[in-house]
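Student: One structure follows; several queries about it will come next.
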Protein chains: 2
Amino acid sequence: MSTVAAPKGLEGIVATNSSICWIDGDAGVLSYRGIDIHELAQRSTFEETTYLLWFGKLPNAAELADFTKTLAESRKLDPKIIDLLRSVPTSATPMQVLRTAVSLSSIYDADEADNSHDANVRKSFRLTSQVAMIVAIFDRIRKGKEIVEADPTLSHAANFLWMLNGEKPSETATRTFDIALILHADHELNASTFAARVIAATLADIHSAITGAIGALKGPLHGGANEATMRLLYAIDAAGADPVEYVRQLLAEKKKIFGFGHRVYRTEDPRATHLRRMSEELSKSAGNMKWFEMSRKIELFVKQEKKLNANVDFYSASTYTLLGIDIDLFTPIFAVSRIAGWAAHVIEQHDDNRLIRPRAEYVGPAYPSPYVPVSER
Amino acid sequence: MSTVAAPKGLEGIVATNSSICWIDGDAGVLSYRGIDIHELAQRSTFEETTYLLWFGKLPNAAELADFTKTLAESRKLDPKIIDLLRSVPTSATPMQVLRTAVSLSSIYDADEADNSHDANVRKSFRLTSQVAMIVAIFDRIRKGKEIVEADPTLSHAANFLWMLNGEKPSETATRTFDIALILHADHELNASTFAARVIAATLADIHSAITGAIGALKGPLHGGANEATMRLLYAIDAAGADPVEYVRQLLAEKKKIFGFGHRVYRTEDPRATHLRRMSEELSKSAGNMKWFEMSRKIELFVKQEKKLNANVDFYSASTYTLLGIDIDLFTPIFAVSRIAGWAAHVIEQHDDNRLIRPRAEYVGPAYPSPYVPVSER
């Protein structure tokens with residue numbers, strides 16, 4: 001069988017057709033089902049955007065009401081999942097716990113063995129609600145706080161903040177968080193989504209695919225980048241350092257500055273535009289410009305020095321911090337949003353499946369190498 | 001950024017360099033680190049083969065003794081893992097449980113956050129021992145039997161059968177199972193290994209990668225195929241049908257016959273050669289030729305009708321059945337072996353990493369599609 005060499009990391013290789021997300025990396029365009037991300041960020045909600053991702057069109061009023069109701073009614077977790085969240089050490093990272101809890105939840109999902117389109121949609125509702133609940137509930141448990149019951153009258157964004165904080169969120173906080181969820185909901189074949197499709201393409205179930213995707217998102221080259229960005233801001237603040245000088249030193253040491261550059265975008269990441277604006281607005285209303293101003297200085301310096309643009313992760317760090325969200329919840333919150341896109345991609349993969357099985361270029365010892373008996377080694 | 005179209009499923013696309021496994025699909029050659037699989041199946045052990053996969057050469061006597069000792073000493077599970085195995089319903093599938101338990105075990109692994117080469121090797125020892133233990137212990141628990149303590153004097157293969165059955169296995173059973181473990185230990189960029197590398201390439205940890213790989217292996221187009229083969233044999237037996245006529249009918253109904261054909265091999269799968277022989281030998285020594293003869297008739301018929309060769313899954317079904325292993329443990333046993341290869345590939349990926357992030361060909365609604373307000377939809 002003949003093989004075709006591809007660039008390392010499959011850069012620029014078209015691995016599948018998809019009708020979910022279109023990116024123009026040169027022009028800085030991101031769109032879901034043909035609709036520009038700027039339109040969705042300004043005018044849509046996470047529920048409506050998720051409907052768009054799953055069903056390929058914007059819902060009418062009745063469809064949106066139905067969708068919202070079903071999603072809210074899916075805010076249920078088997079007691080065994082809660083037991084798991086209580087049994088793990090409070091030092092466990094939320095991503096380890098989320099990955100484990102989602103895997104466990106498949107055991108309590110009646111549709112687990114059914115990969116049909118309809119069953120995948122049913123499971124997608126449950127997974128979307130459950131991922132948010134698991135993140136919020138584990139955070140309460142590890143802080144020794146009471147679990148907050150889900151409120152079916154709240155939107156997905158507001159209910160998450162409610163279950164996390166035990167206080168009804170402000171309109172500004174809800175809208176900011178809702179926009180963050182919209183911005184992160186899908187991004188074509190990013191590494192976690194691609195992992196989900198590789199797993200689903202064996203005709204494994206959607207829980208297996210999402211569990212793998214959560215594992216991929218955990219990596220610092222993917223979802224972990226906004227955590228790394230915030231750790232940098234904290235380190236600069238703790239050192240009382242000048243942000244530009246601090247980053248200049250890191251660059252001199254060949255250290256990676258997380259939150260910059262992107263495999264696909266060659267211009268500004270369109271999501272960064274919104275997150276920068278939200279970070280600035282939240283800073284102004286909080287009367288605390290520290291993180292925004294520090295971020296802005298670093299952004300301009302890295303752009304000038306390395307010709308790299310801030311990506312989605314860079315301003316989500318300060319935005320989430322200004323929303324009062326702990327640093328180690330940044331990546332789990334990414335999952336709270338990206339579950340919408342993962343589900344859309346698994347559904348699409350199962351609807352027209354082919355096993356994803358590339359080849360490797362062998363660069364090891366020549367074949368045939370002899371099997372030398374152990375006494376002669 | 002320009003993109004390059006690839007065949008569906010990335011067929012024939014070289015996704016990475018690797019020095020672990022070389023396959024010549026046209027000639028029917030499989031080799032680990034340059035050594036032919038036939039040599040390894042006849043002369044090696046799972047421990048020695050795993051050393052070869054991880055360290056790139058055959059061990060000398062002292063290295064092999066050290067490796068064997070370390071692997072045996074890694075037969076430990078945190079009590080919380082046992083608690084999980086006891087808490088899930090006995091109806092849970094072993095693959096769901098294995099995927100969840102491996103994910104959970106990361107929380108109790110002191111090296112979890114360390115992706116260095118040495119830490120990855122340490123975690124690989126633990127994961128290899130733990131995957132086998134989890135499969136055996138959950139099977140005991142779901143059958144209401146006492147858990148069998150690991151025996152550090154036994155080989156990996158013998159200890160697994162001991163912990164599964166509570167009886168010291170015969171030499172024939174141990175050697176047969178050891179060979180099955182060698183044959184399944186690696187297969188280049190099969191779907192689960194590729195999933196593991198995609199996950200690891202975000203610099204996520206090895207537990208995340210292996211958890212995702214277990215999910216991929218669960219799919220019937222991958223590890224699930226030998227289960228499907230055995231279900232076919234049972235169905236033919238229960239119907240008292242002629243195997244050839246039964247399969248002829250399935251083919252007429254355009255049903256997939258699992259255990260035949262392979263993405264890479266265009267000739268006989270070299271692993272099938274050994275599994276066919278072991279299936280026949282076990283049948284003779286058991287005085288029960290039923291499954292072997294039925295398999296052989298189906299093999300010859302499918303070869304004649306569809307020009308498809310039996311693959312690794314086809315004769316592993318009857319081999320495992322003759323070893324007294326339950327049908328829903330076939331895929332978990334695949335994981336008990338393939339963890340060796342998964343670990344080798346994650347180590348290799350982390351040693352020279354680049355994010356694996358291909359592109360999709362967008363075939364959805366044209367951009368820009370308008371955002372129509374809900375009142376106008």
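The values are calculated or read from the model by the stated rules, or taken from the named source; none is laboratory data. Keep in mind the model is a prediction, meaning the values are calculated, not measured. Positions of Cβ are backbone-derived with ideal geometry, glycine not excepted, and every protein chain shown enters the neighbour counts. All accessible areas refer to the heavy atoms of the entire protein, side chains included, with ligands and DNA or RNA removed. Shrake-Rupley method; radii C 1.70, N 1.55, O 1.52, S 1.80 Å.
Student: Can you report the number of residues in the stretch B:82-99 which are small (Gly, Ala, Ser), in a loop (DSSP other than H, G, I, E, B) and under 16 Å from residue A:84 (Cβ atoms)?
Tutor: 1
Student: Could I ask something else about it? Can you work out which of the residues in the stretch A:361-377 that are open to solvent by 80 Å² or more (accessible area, probe 1.4 Å) and either closer than 17 Å to residue B:59 by Cβ or in contact (Cβ under 8 Å) with a residue 12 or more places away in the chain (or both) is farthest from the other protein chains (Cβ to nearest Cβ)?
Tutor: The selected residue is A:376.
Student: Give the residue, chosen from A:41, A:6, that is at pLDDT below 95 and crowded, with 22+ Cβ neighbours inside 10 Å.
Tutor: A:6
Student: For the stretch B:12-23, what are the residues that are more than 7 Å from chain A (Cβ to nearest Cβ) and either modelled with pLDDT under 95 or surrounded by fewer than 19 Cβ atoms within 10 Å (Cβ to Cβ) (or both)? So that I can check it myself, show each step before the final result.
Tutor: Residues of the stretch B:12-23 that are more than 7 Å from chain A (Cβ to nearest Cβ), as a first pass: B:21, B:23.
If the condition is that a residue be more than 7 Å from chain A (Cβ to nearest Cβ) and either modelled with pLDDT under 95 or surrounded by fewer than 19 Cβ atoms within 10 Å (Cβ to Cβ) (or both), then no residue fits.
Student: Which of the residues spanning the stretch B:97-118 are surrounded by fewer than 24 Cβ atoms within 10 Å (Cβ to Cβ) and facing chain A (nearest Cβ under 7 Å)?
Tutor: Initially, the stretch B:97-118 is screened for residues surrounded by fewer than 24 Cβ atoms within 10 Å (Cβ to Cβ), giving B:107-118.
Correct list: B:107 only.
Student: For the stretch A:300-319, which positions are touching a Lys or Arg at 6+ places or on another chain (Cβ under 8 Å) and among the charged types (D, E, K, R)?
Tutor: Residue satisfying the conditions is A:305 alone.
Student: Here's a check for you: in the stretch A:212-232, which residue that is among the small types (Gly, Ala, Ser) and assigned to a loop (DSSP other than H, G, I, E, B) is nearest to the other protein chains (Cβ to nearest Cβ)?
Tutor: Of everything passing the filter in the stretch A:212-232, A:219 is nearest to the other protein chains (Cβ to nearest Cβ).
Student: Name every residue in the stretch A:145-169 that is open to solvent by less than 30 Å² (accessible area, probe 1.4 Å) and of a type in the set (Asp, Glu), in order of residue number.
Tutor: A:151
Student: Quick one: residue A:142 ticks every box in (1) open to solvent by 10 Å² or more (accessible area, probe 1.4 Å); (2) within 30 Å of residue A:269 (Cβ to Cβ) bar one, so which box is it?
Tutor: Failed condition: (2).
Student: Can you tell me which residue in the stretch A:24-35 is surrounded by the most Cβ atoms within 10 Å (Cβ to Cβ), limited to those that are touching a residue at least 24 places away in the same chain (Cβ under 8 Å) and at the interface with chain B (Cβ under 8 Å from one of its Cβ atoms)? Spell out how you get there, then give the answer.
Tutor: Of the residues in the stretch A:24-35, the ones touching a residue at least 24 places away in the same chain (Cβ under 8 Å) are A:25-30, A:32-33.
Next, only the ones that are at the interface with chain B (Cβ under 8 Å from one of its Cβ atoms) stay: A:25-26, A:29, A:33.
Values: A:25: 19, A:26: 12, A:29: 17, A:33: 23.
Here the residue is A:33.
Student: From the list A:185, A:180, A:209, A:235, exactly one residue is within 14 Å of chain B (Cβ to nearest Cβ) and of a type in the set (A, V, I, L, M, F, W, C). Which is it?
Tutor: A:209
Student: Within the stretch B:300-326, take every residue that is among the charged types (D, E, K, R) and touching a residue at least 24 places away in the same chain (Cβ under 8 Å) and give me the one that is nearest to residue B:163 (Cα to Cα).
Tutor: Filtering the stretch B:300-326 for residues among the charged types (D, E, K, R) gives B:303, B:305-307, B:313, B:326.
Applying the additional criterion that residues be touching a residue at least 24 places away in the same chain (Cβ under 8 Å) yields B:305-306, B:313, B:326.
Working: B:305: 42, B:306: 41, B:313: 24, B:326: 14 Å.
If we take residues in the stretch B:300-326 being among the charged types (D, E, K, R) and touching a residue at least 24 places away in the same chain (Cβ under 8 Å), then B:326 is nearest to residue B:163 (Cα to Cα).
Student: While we're looking at this one, here's another question. Would you tally the residues in the stretch B:69-79 being within 14 Å of another protein chain (Cβ to nearest Cβ) and either at pLDDT below 95 or buried (at least 17 other Cβ atoms within 10 Å of the Cβ) (or both)?
Tutor: So the count comes out to 0.
Student: Is it fair to say residue B:126 is assigned to a helix (DSSP H, G or I) and either farther than 27 Å from residue B:200 by Cβ or facing another protein chain (nearest Cβ under 10 Å) (or both)?
Tutor: no
Student: Considering each of B:306, B:290, B:297 in turn, give the residue that is of a type in the set (D, E, K, R), in contact with a Pro (Cβ under 7 Å, 6 or more places away or on another chain) and not assigned by TED's automatic domain parsing to the domain that holds residue B:38.
Tutor: On the way: B:306 fails: in contact with a Pro (Cβ under 7 Å, 6 or more places away or on another chain); B:290 fails: in contact with a Pro (Cβ under 7 Å, 6 or more places away or on another chain).
After applying the criteria, what remains is B:297.
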